[in-house]
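Here the structure is laid out as structure tokens; the discussion comes afterwards.
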Amino acid sequence: MTRHVTAQRIDIDDHLSVTSGDVARLRLCQVILEVIYLGGRLADDAYESLTAALRAVMPGEVSCTVATGLRDVLKVNVTVRAPHPVAALAEVNAALDRALMSTGLFEEFDVTGKTVHAGPAETSK
């Protein structure tokens, strides 16, 4: 027996496309990225413009916090639908880089030393 399936392509974002049959298999993933601000303390206006840029480019529900210490650490927590956590991580990481570039803050963060965590949302809490 031969089965023929006609699938419609759905673009989820710039980096990920799936067929309509795959949409039901997308799972809710949680991605947490932490990146160190190399300038010491992150100014309030820089934080506000960065969080606005993050909300504009992030593919899912996003929250941001800054932990202060010797250097400020930006923590970005995103819940997004993706085929698997690694795809979610790649998508969120690229969105974070775009947000940092759009605000002119890219070179002020240690983008090569990010701390990352990704997993299914139901087990990542």
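Rule-based calculations on the coordinates, nothing more; no lab input. The model shown is predicted, which means the values in this text are computed figures rather than measured ones. So basically every Cβ, Gly included, is an ideal-geometry build from the backbone, and we count neighbours across all protein chains shown.
Listing for the model above:
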item	result
Separation in nanometres of the label points that stand 7 Å from Cα toward Cβ, at LEU38 and HIS117	2.6
Simple spin-label estimate for HIS84 and GLU107 in nanometres, 7 Å along Cα-Cβ	3.8
Extension gain from ARG25 to ASP45, taking 0.36 nm per residue of separation minus the Cα-Cα distance	3.2 nm
Projected label distance in nm at ARG55 and ALA94, using a 7 Å step from Cα toward the beta-carbon	2.4
